[in-house]
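Here is the structure we will look at, set down as structure tokens.
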Amino acid sequence: MLREKYASEIDTLRSRFAHRRSAVLPMLYLAQDEYGSLGEEVVREVADVLDLPPTDIFEVVGFYTLFYDRPVGTWMIQVCDDAPCCYCGAEEVMAALKEQLGICENETTEDGMFTIQRVKCLAACGNAPAIQVNLAYLYDVTPEKIDGMLRDLRSRAERGETFRLSGRDADDYTLAPDGSLQRIERRLGKTPEPQPSAA
Ligand code: FES
């Protein structure tokens, strides 16, 4: 199925790298976006497309936490629980998610809409607590806005406006007072403006 549906993308990937192994990560992202997770059958298909031993693909999927070897929700919500985010309320954010979704960490809601996970520093400590939703950044999250955020994500899914799991649609957001996502200019990866010297 990948071969038929993504023939030109696969050709581009294979021609971009001198070694087929170098195409494993982008190929897995493509497969994960298509199937939602990377179970055994999908891994074998990726191996077949890249003409590599399936073991090579299994070990990559097992190593990286951004590859999901079992089904996850339409929205994968990852809460940073490293020290700066914890000081600013990450545990309260996680508690609000668990309470409102009725699930524990690493679980998916029955309707397949949400999965929640803990992750380590997302490199957005200046806007803690930070979370990611399908790898899009949400800054300065508070427990009070979780309900509105979940409603916004649910309605985006109903309109077919989800972000791909691979993060290929990832952007930066803050939460409006009602919890809805508001896109802002990308923050990470930007070179800071030069500051005038203290003198
Ligand atoms: S500690 Fe949460 S983003 Fe760095």
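Given L165, L135, which one is under 21 Å from G39 (Cβ atoms), within 16 Å of the ligand (Cβ to nearest atom) and not β-branched (V, I, T)?
Being under 21 Å from G39 (Cβ atoms), within 16 Å of the ligand (Cβ to nearest atom) and not β-branched (V, I, T) holds for just one of L165, L135, which is L135.
Which one is farthest from the ligand (Cβ to nearest atom) among residues in region 96-107 that are without any contact (Cβ under 8 Å) to a residue 40 or more places away in the chain and not in a loop (DSSP other than H, G, I, E, B)?
E99
Would you tally the residues in region 1-38 being surrounded by 14 or more Cβ atoms within 10 Å (Cβ to Cβ) and not in a helix (DSSP H, G or I)?
Matching residues across region 1-38 total 4.
Looking at V93, V72 in this structure, which one is in a loop (DSSP other than H, G, I, E, B), hydrophobic (A, V, I, L, M, F, W, C) and on the phi < 0 side of the Ramachandran plot?
Details: V93 fails: in a loop (DSSP other than H, G, I, E, B).
So the residue among V93, V72 that is in a loop (DSSP other than H, G, I, E, B), hydrophobic (A, V, I, L, M, F, W, C) and on the phi < 0 side of the Ramachandran plot is V72.
So which residues in region 67-84 are within 14 Å of the ligand (Cβ to nearest atom) and of a type in the set (D, E, K, R), if there are any at all?
D81, D82 - these are the residues of region 67-84 that are within 14 Å of the ligand (Cβ to nearest atom) and of a type in the set (D, E, K, R).
Can you tell me which residues in region 52-67 are surrounded by fewer than 18 Cβ atoms within 10 Å (Cβ to Cβ), at pLDDT below 95 and either among the aromatic types (F, W, Y) or within 19 Å of R14 (Cα to Cα) (or both)?
F63, Y64
Would you pick out the residues in region 108-132 that are in a loop (DSSP other than H, G, I, E, B) and either within 16 Å of the ligand (Cβ to nearest atom) or crowded, with 16+ Cβ neighbours inside 10 Å (or both)?
T109, M113, K120, C121, L122, A123, A124, A128, P129, A130
Which residue out of I103, I57 is aliphatic (A, V, I, L, M) and either more than 30 Å from R156 (Cα to Cα) or outside the structural domain of K120 (by TED's automatic domain parsing) (or both)?
Selected residue: I57, the only one of I103, I57 that is aliphatic (A, V, I, L, M) and either more than 30 Å from R156 (Cα to Cα) or outside the structural domain of K120 (by TED's automatic domain parsing) (or both).
Among the residues of region 164-196, how many are part of a loop (DSSP other than H, G, I, E, B) and either surrounded by fewer than 14 Cβ atoms within 10 Å (Cβ to Cβ) or modelled with pLDDT of 95 or more (or both)? Steps first, please.
Our first condition is that a residue be part of a loop (DSSP other than H, G, I, E, B); within region 164-196, this holds for 164-171, 176-180, 185-196.
Now restrict to residues that are either surrounded by fewer than 14 Cβ atoms within 10 Å (Cβ to Cβ) or modelled with pLDDT of 95 or more (or both): 168, 176-180, 185-196.
Count: 18.
Within region 145-163, work out how many residues are exposed (fewer than 14 other Cβ atoms within 10 Å of the Cβ) and not in a helix (DSSP H, G or I).
Residues meeting the conditions: 3.
The values are calculated or read from the model by the stated rules, or taken from the named source; none is laboratory data. None of the values given here were measured: they were computed from a predicted structure. Cβ atoms come from the backbone with ideal geometry, glycine included; neighbour counts cover every protein chain shown.
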